[in-house]
1. So what's the net charge close to LEU185: Lys and Arg +1, Asp and Glu -1, counting the other residues with Cβ under 11 Å from its Cβ?
2. May I ask for the angle, rounded to the nearest 10°, between helix 197-206 and the longest principal axis of the chain, with both axes built from Cα atoms and the value confined to 0 to 90°?
3. Once the cut-off is 25 Å, how many percent of the Cα-Cα pairs in the stretch 3-251 end up in the long-distance tail?
4. Quick one: which residues, 5 or more positions from LEU212 or on another chain, have an amide H under 5 Å from its amide H? H modelled 1.01 Å from N in the peptide plane, none for Pro or chain starts.
5. If one takes the longest principal axis of the Cα atoms in the chain, at what angle in degrees, from 0 to 90 and to the nearest 10, does the Cα axis of helix 227-239 lie?
6. At SER120 and ALA34, where each label point lies 7 Å from the Cα along Cα→Cβ, what is the point-to-point distance in nanometres?
7. Mind listing the long-range amide H neighbours of PHE173? Cut-off is under 5 Å, sequence gap 5 or more, other chains count too, H placed in the peptide plane at 1.01 Å from N.
8. Nearest 500 deg cm²/dmol is fine: what mean residue ellipticity at 222 nm does the chain get from its DSSP H runs of n ≥ 4 alone, each adding -39,500 (n - 2.57), divided by its residue count?
Amino acid sequence: MSAEVFRSQQESLSASFRVIVPDLRGHGDSGTVAPGQGIETLSEDLVALLQHLELDSVVLVGWSMGAMVGWGIIRQARERVAAMVVVDMVPRILSDESWPFGIKQGKDASVFQRAIAQMSDNWPDYTRIFVPRIFAANGSDQHDLIDSICRIASRNHAESMAILWRSMAEQDFRSMVRELDLPVLVIYGRHSQLYRPAAARWLADALPRATLVEFSQSGHAPSVEEPEYFNQVLSDFVRGLTPGDAPNPATLH
């Protein structure tokens, strides 16, 4: 998704915080992703943005793929990050015998290959397949919302989406999150069609300093499905951070 999908957060939180919502490469108004690039490239882009804007003690908010980008940012520039918010995402999306918490229906790598082929062949049609799965299956009639999100997603660059999907399937941040010594807010939707609540609980248990919050009316997109509650939870989390949460660059390597 592009920055447009976070309009509620921008409007609500900008009165109290500096809110920066970039279009990731391949999304919205940003440039494309080239073959050989991937999640690490997006993280490098945002580290460059933090450096350009001379930002420190930032709170990263990563929804879905954005969480992987956020973990990549921390890997490259931990000294600039005070805390992180992970929204309905896991550190590895491909399941296997030792990892049952990947994306639903994703135990077979061929599932990802088929999705990549669909993205490349007809991205607008693929958005019509995928976007309804973002929301709670038992929610009320959401045709207008689905149409709006499809419109936003359809602007993305098809080949970039395929490249990034392939890159996501290759990522594994499980070891990293176990050692991530900074405050992390883990948010999940009870009715997510993509990830199980047990996956969020695993992540919260693995992280040394995690707070877990369930959104009882949401699927994969709590910031869109329950925006007022999401904004309040996010605001409370950021206000609850102490000066000691900001990293000391002199102690980091």
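1. 0
2. 30 degrees
3. When all Cα pairs of the stretch 3-251 are counted, 41 percent exceed 25 Å.
4. Residues meeting the amide H criterion: VAL186.
5. The angle comes out near 20 degrees.
6. Taking the simple label geometry, SER120 and ALA34 are separated by 1.9 nm.
7. ARG92
8. -13500 deg cm²/dmol
Every number in this text was worked out from the coordinates using simple rules, so none of it is lab data. Note that the structure is a prediction, hence the values are computed from the model and not measured. Every residue, glycine among them, receives a Cβ derived from its backbone with ideal geometry; neighbour counts consider all protein chains shown.
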